[in-house]
Amino acid sequence: MNMVKLEMMVGTFMLIGILCLGYVSIKLGKMEILGGDFYSVTAGFDSVSGLKPGARVEVAGVEIGKVDRITLDAKSGDRALAYLKIKSGVKITDDVIASVRTSGIIGDKFIKLRPGGSDKMLKENDTIRETESAVDIEELVSKFIHGNIK
């Protein structure tokens, strides 16, 4: 009887330890379970060159979300759609401007949001209308070298 009680206590202790290890792994890995506390918005760009899913979304240098996925717009066929996951506590005006930017000279791409002055806020599955695409450095250098700057 004493041995059974000891084995039950060890088993319970091991189960609690495994649950704690799983919780810490999820928090440190910044993984989401059951969707997280975000809402989704979409932004259409002419070019998202270098932008990848998981890239950060910033307002005034503060990370407020991330890029969930990037697809080709089925309607137009020549624009990219970036699906953004924004933290629920952050409210974005409907006249916000989304820009694809680079952090540093050779840094990663991210999306910078510049809020407007509207009183209306974006809701789940709304679309950001004003966007600025990524600057293609290779194309600019090529134009400079070949003298096609206008």
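Remarks
- Taking amide hydrogens as placed 1.01 Å from N in the peptide plane, the amide H of E58 sits under 5 Å from those of I64, I111, K112, L113, each at least 5 positions away in sequence or on another chain.
- Comparing the chain with the 2.2 N^0.38 Å rule of thumb, its C-alpha radius of gyration ratio is 1.53 (two decimals).
- Under the Karplus curve 6.51 cos²θ - 1.76 cosθ + 1.60, θ = phi - 60°, whole-Hz ³J(HN,Hα) for region 101-111, x wherever Gly or Pro sits: 10, 10, 8, x, 6, 10, x, 6, 8, 8, 10
- F38 long-range amide H proximity, modeled H, under 5 Å: S88
- Among D95, D37, D119, the residue with the largest mean-square fluctuation in a Gaussian network model of the chain, with springs joining Cα atoms closer than 10 Å, is D119.
- Among G22, G65, T12 - extreme Cα towards positive end, dipole of the chain, charges at beta-carbon: T12
Any read-out appearing in this document is the output of simple, stated calculations on the displayed coordinates, not a laboratory observation. Just so you know, these numbers come straight off a predicted model, no measurement behind them. A quick note on method: Cβ atoms are made from the backbone with ideal geometry, for glycine too, and the neighbour counts reach across all protein chains shown.
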